[in-house]
Amino acid sequence: MQNRNKTAAGLLALFLGGLGIHKFYLGQVGWGVLYLLFVWTGIPSIVGFIEGIIYLAVSENQFSEMIAPRSSGVSLKLLAFGLFGGLLAVAVVVYLIVNSLQSNVQSSYMLGVTTS
């Protein structure tokens, strides 16, 4: 893996952490995708901001150790779990929206409200 600039990673995390841009920059594509999947929750923005502060505060050696590649087996399992969780969350949101719209249409029909 190429040497990555900790200042660049820290600033990317602070300002674009919610989109996982810093993770893509660091070569952690699985994490970047996970951040993108959950961007709608706001959680990646908070985590990215905290990571940005940490990246900027640690020494170069500590930063290198933090971003060093680890066993890919755990990362793949985490990515698969994140994808499943993201799809499940999207399915629940879609179900709730559709259910709400159906209830509104039925209520309008019963009250005699028309859209013409």
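FYI, it's all coordinate maths here, none of it is from the lab. Bear in mind that the values here come from a model prediction, so they are computed numbers and not experimental data. Cβ placement follows ideal geometry from the backbone for every residue including glycine, while neighbour counts extend to all protein chains displayed.
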message: Taking 41 Å as R0, compute the FRET efficiency from the Cβ-Cβ separation of M110 and V90 and round it to 0.05.
response: 0.85
statement: Counting Lys and Arg as +1 and Asp and Glu as -1 over every other residue whose Cβ sits under 12 Å from the Cβ of L26, the net charge comes to +2
Footprinting exposure proxy for S64, S59 (fewest neighbouring C-beta atoms within 10 Å first): S59, S64
message: Please arrange M66, M110 by how many other C-beta atoms lie within 10 Å of their C-beta, fewest to most.
response: M110, M66
- request: Please arrange K23, K6 by counting, for each residue, the other beta carbons lying within 10 Å of its beta carbon, fewest first.
  value: K6, K23
query: Simple spin-label model, 7 Å along Cα-to-Cβ: N3 to W40 in nm?
result: 4.2 nm
query: When every alpha-carbon pair in region 4-59 is counted, what percent end up more than 14 Å apart?
result: 42 percent
